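The values are calculated or read from the model by the stated rules, or taken from the named source; none is laboratory data. All figures in this text were calculated on a predicted structure; none of them were measured in a lab. Please note: Cβ atoms are built from the backbone with ideal geometry, for glycine as well, and neighbour counts cover all protein chains shown. Side chains included, ligands, DNA and RNA excluded: accessible areas come from the protein's heavy atoms. Shrake-Rupley method; radii C 1.70, N 1.55, O 1.52, S 1.80 Å.
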Amino acid sequence: MASAEQLWQLVLPGTADLQTVRNACKDLRHAGLAESVGRTSRPGANGQPVRRDLWNLTTAGLAAAASELGRPVREMGGTARDAAKAGAAHALAVTDTIDAFRQSPPLPTKPVARRTTRPAPERVLPVRPRGLGHLRGWETEVALPVTGTFTTPARGSLRADAVLTAPEDQVPVLFVEVDNHTEPAAVVAAKIERYRRFFRRQVKDHRGHDIPMWSTLWDDSDRGGFPPVALMFTKDVGPDARMNRIKTIHDLSRPFWKPSWQTPLDQSMRNDTEEDGWWDHTGTVPVIATHLDQLRTHGPHGPVWWRFGRNQWQPITDALTNTGTKDEYHARQEQRRQERDVVRALEQEQRREELARWEAAWQCQSCQADVEPGTVGPDGYRPAEGGLCPTCEHSRREPAVKEAAQDSAAPNGILARLRARAEER
């Protein structure tokens with residue numbers, strides 16, 4: 001479901017004239033592939049409401065699109081025909097979300113030459129941030145059966161507003177829920193629980209083994225845990241009210257996204273100084289949240305995503321990557337082991353040096369005390385191998401030192417006589 005303006009942004013952002021898109025929609029309607037069964041009102045350039053036609057594919061159009069894309073019809077989503085009759089506010093918000101993810105680059109087009117018009121002036125194309133995935137990677141209104149099948153989901157199942165597969169951008173699958181503030185926060189939080197119920201569902205593969213039902217359609221990211229869910233908040237209610245709603249859903253859905261803290265059972269693997277461990281994301285649903293305006297302005301690779309359980313805004317790849325994992329714990333353990341090995345090696349080297357000094361020591365000839373090589377006395381004396389220890393050497397030298405001191409202090413000592421002779425000269 002889209003207006004002509006949305007199709008312009010999604011498919012032909014480099015086209016100068018919006019009428020080109022309107023004409024294409026009319027051609028598709030003439031061929032029975034598209035229809036317009038409703039209108040919407042959106043603010044125009046001057047802030048006044050402007051009525052716009054809503055376009056959607058017919059059943060034949062869905063089949064034709066599936067053929068063009070080489071995809072099964074069941075992956076093409078629904079026609080949203082009934083939503084168009086009521087203005088399709090939610091469906092249009094989903095289309096805006098896809099556009100903000102995609103950020104289709106405005107490619108220049110070559111105007112058709114006409115003899116009756118002057119050459120078109122050169123256009124300056126707007127610059128958009130880097131987008132994520134391709135249009136063919138999106139599905140809308142995707143059934144996720146808690147019971148039943150994908151084609152006939154049973155009561156209690158849910159429908160994802162949109163599903164993105166973008167393995168080229170390290171996002172094998174991302175389930176997107178668009179929130180217009182039309183539902184209580186508790187209802188939105190309950191959807192996370194229903195996502196977990198769907199992700200937990202097992203089916204038999206061709207060999208009779210139990211596998212997750214969701215993995216029969218989508219690939220795993222190998223990041224741990226279930227596939228991620230992105231909450232897109234579209235209503236402009238101000239940053240404080242917006243954040244309060246996100247935090248409320250965050251708190252209400254905590255049991256479904258919060259990983260469990262694990263510590264090693266083997267006491268020898270524990271750190272002596274702190275209780276270290278890891279977060280086990282098994283059975284949890286990673287949830288990331290942002291606002292449509294942020295996504296439009298900065299793109300999905302900007303710091304616009306708040307991962308439930310964290311305290312900062314991150315690019316989408318960082319937000320989807322689990323932190324505090326068991327692999328990180330083992331990396332810390334390895335780092336600590338290497339540090340212990342270095343300390344142990346230094347201690348062993350010190351012991352070897354002490355042993356070498358002990359083996360090279362000798363006994364003082366006077367007091368029989370052990371004298372190690374490199375010993376230095378208080379007066380700077382270093383005994384040669386086999387010599388006296390500093391204490392005995394000091395005792396041996398002490399009488400001569402005292403005699404020299406007394407002689408220098410006496411009035412008729414040798415130093416006094418030398419000074420007197422110098423003065424006479």
**Message:** Scan segment 308-315 and tell me whether some residue there is modelled with pLDDT of 95 or more, open to solvent by less than 90 Å² (accessible area, probe 1.4 Å) and touching a Gly at 6+ places or on another chain (Cβ under 9 Å).
**Reply:** yes
**Asked** Can you tell me which residue in segment 90-109 is modelled with the lowest pLDDT, limited to those that are open to solvent by less than 20 Å² (accessible area, probe 1.4 Å) and polar (S, T, N, Q)?
**Response** Ser104
**Request:** Answer with yes or no whether Thr40 is assigned to a helix (DSSP H, G or I) and either polar (S, T, N, Q) or exposed (fewer than 13 other Cβ atoms within 10 Å of the Cβ) (or both).
**Result:** no
**Asked** Hey, any hits in segment 74-89 for a residue that's crowded, with 18+ Cβ neighbours inside 10 Å, within 22 Å of Thr165 (Cα to Cα) and modelled with pLDDT of 70 or more?
**Response** yes
**Item:** In segment 147-167, the residues that are closer than 25 Å to Val187 by Cα and buried (at least 18 other Cβ atoms within 10 Å of the Cβ)
**Value:** Ser157, Leu158, Ala160, Asp161, Ala162, Val163, Leu164
**Request:** List the helices (runs of 4 or more DSSP H) that sit entirely inside segment 240-353 and contain at least 1 residues that are of a type outside the set (S, T, N, Q) and within 23 Å of Phe198 (Cα to Cα).
**Result:** 254-257, 316-320
**Fill in**
Residues in segment 190-234 that are aliphatic (A, V, I, L, M), crowded, with 18+ Cβ neighbours inside 10 Å and not in a helix (DSSP H, G or I) total 4
**Request:** Kindly indicate which of Val237, Val142 is more than 30 Å from Trp279 (Cα to Cα), hydrophobic (A, V, I, L, M, F, W, C), at pLDDT below 95 and outside any strand (DSSP E or B).
**Result:** Val237
**Request:** Identify all residues within segment 1-37 that are of a type in the set (Val, Ile, Thr), open to solvent by less than 70 Å² (accessible area, probe 1.4 Å) and not in a loop (DSSP other than H, G, I, E, B); write none if there are none.
**Result:** Thr20, Val21, Val37
**Pairs where the first residue, in segment 68-90, is part of a loop (DSSP other than H, G, I, E, B) and the second is of a type in the set (A, V, I, L, M, F, W, C) and at pLDDT below 70, C-beta under 9 Å, 6+ apart** = Ala88/Ala80
